[in-house]
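The values are calculated or read from the model by the stated rules, or taken from the named source; none is laboratory data. The shown structure was predicted, so the numbers you read here are calculated from the model rather than taken from an experiment. Calculation scope for accessible area: heavy atoms of the full protein, side chains included, ligands and nucleic acids excluded. Shrake-Rupley method; radii C 1.70, N 1.55, O 1.52, S 1.80 Å.
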Amino acid sequence: MLLLKPKCENRDGEKIIQSRIGLEEPCEFAENFLVGYNGEHYDCIIVDEVQFLSPEMIDKLSDLVDFHGITVICYGLRTDFQSHLFPGAQRLMELADDIEQIKTICWCGKRAHFNARLLNGEMVTEGEQVQLGGNESYISLCRKHYKERIVSNSTAKTC
Ligand SMILES: [Zn+2]
């Protein structure tokens, strides 16, 4: 098995994938691996933060499946903080054999498909799709609360 992550995804430091439950695993940069791929066989390749890969890299991942018999499993976000598909995520949805949505829940209890970017606790809707090294954070919201920009129960209006 091999773990890959995009080069730009360096929150966890160089060539480490860190999961939310505290596991750390060494990994390769996906772009380097895909461009320099030498035909080596793996049973399975797991890609983290796949939304940051370019559509071309997603095509190369699908070649590993079709021409090299490798199972490729990708994890990542579907849409950015402005509710638009990441280009890499779009290509992945076009090519993937199976897509499974991981259930995320808004503070109100509904399914949360939208990722809001927070800056100092306030939801922001302007900015770069990929903001690196910033001190913003993200929260999952349902569509209604994404539209209303209500990011938690405590900021909801009382009638
Ligand atoms: Zn909600």
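So what's the projected area for segment 1-92, the Cα convex hull averaged over all directions, in nm²?
About 5.9 nm², averaged over all directions.
Lysine pairs in the chain with Cα distance under 26 Å, only those 8 or more apart or on different chains: how many are there?
Taking the chain as the scope, the lysine pair count is 13.
Divide by every residue of the chain the summed helix terms, -39500 (n - 2.57) for each DSSP H run of at least 4, and state the resulting mean residue ellipticity at 222 nm, rounded to the nearest 500 deg cm²/dmol.
-6000 deg cm²/dmol
Got a number for carbon plus sulfur as a percent of the chain's accessible area, 1.4 Å probe?
Carbon-and-sulfur percentage of accessible area, whole number: 49.
With springs connecting C-alpha atoms under 10 Å apart, model the chain as a Gaussian network and identify which of Q18, Q51, Q101 has the largest mean-square fluctuation.
So, out of Q18, Q51, Q101, the one fluctuating most is Q101.
Mind jotting down a quarter of the surface of the convex hull over the alpha carbons of the chain, in square nanometres, one decimal?
10.4
Compute the distance from the alpha-carbon center of segment 11-70 to that of segment 96-155, in whole Å.
25
Looking at the chain only, what percent of DSSP beta bridges run antiparallel? Nearest 5 please.
Antiparallel: roughly 60 percent of the beta bridges in the chain.
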